[in-house]
Amino acid sequence: MIVTARLSFSAAHRLHNPSRDAEWIRRMYDKCDNPAGHGHNYVIHVSVRGRIDAETGMVIDLKKLKDIVRDRIIDRVDHRNLNQDVDFLRDVIPTAENLARCFWQQLAPAIDEGALHEITLQETEKNSVVYRGEDES
């Protein structure tokens, strides 16, 4: 069984790689490299996989899952500059891909009923990423 909680947050970021030259940065990130940053209204779906507990009838209490996501992610990123204000994103280029991976690292240890299965991060109505915790090497 897979259960999913959906939450949202607003945040600003700048896509920039200081180790690359200006031409590469312009080609790669275009207007997303605006030095002042730009913002998104993100939607995050956090899915937990597990067996249904016979006593509770749940894999995980969705209120508990939402509380974990709020505590570990939302309260730390909402209305923040992801490049500057979030400790676990320091030195990370805050693409949707990297955000989903970093969010996984924050959430997985906190989920003790079932197991974190998938994070879907929607950056815009047309763009989203899915992360399942795979080894990227």
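Brief remarks on what is shown
- The stretch 26-43, residues that are aliphatic (A, V, I, L, M) and within 20 Å of the chain's Cα centre (by Cα): VAL43
- In the stretch 17-41, the residues that are in contact (Cβ under 8 Å) with a residue 40 or more places away in the chain and over 30 Å from ILE68 (Cα atoms): ASN17
- Taking the stretch 18-59 as the range and being part of a strand (DSSP E or B) and open to solvent by less than 80 Å² (accessible area, probe 1.4 Å) as the test, the residues that pass are HIS38, GLY39, HIS40, TYR42, VAL43, ILE44, HIS45, VAL46, SER47, VAL48.
- Per the conditions (1) in contact with a strand residue (DSSP E or B) (Cβ under 6 Å, 6 or more places away or on another chain); (2) closer than 19 Å to SER8 by Cα; (3) in contact (Cβ under 8 Å) with a residue 40 or more places away in the chain, the sole criterion not satisfied by GLY114 is (2).
- Residues satisfying the stated conditions in the stretch 1-17, i.e. more than 30 Å from GLY114 (Cα to Cα) and either more than 21 Å from the chain's Cα centre (by Cα) or part of a loop (DSSP other than H, G, I, E, B) (or both): ARG14, LEU15, HIS16, ASN17
- Scope the stretch 60-88; condition part of a helix (DSSP H, G or I), open to solvent by less than 30 Å² (accessible area, probe 1.4 Å) and farther than 20 Å from ARG132 by Cβ; matching residues: ILE74, VAL77
- One residue stands out in the stretch 101-116 among those that are open to solvent by 50 Å² or more (accessible area, probe 1.4 Å) and in a helix (DSSP H, G or I): the one that is farthest from LYS64 (Cα to Cα), namely ARG101.
The values are calculated or read from the model by the stated rules, or taken from the named source; none is laboratory data. Keep in mind the model is a prediction, meaning the values are calculated, not measured. Cβ atoms come from the backbone with ideal geometry, glycine included; neighbour counts cover every protein chain shown. For the accessible areas, the whole protein counts, side chains as well, though only heavy atoms, and no ligand, DNA or RNA atoms are used. Shrake-Rupley method; radii C 1.70, N 1.55, O 1.52, S 1.80 Å.
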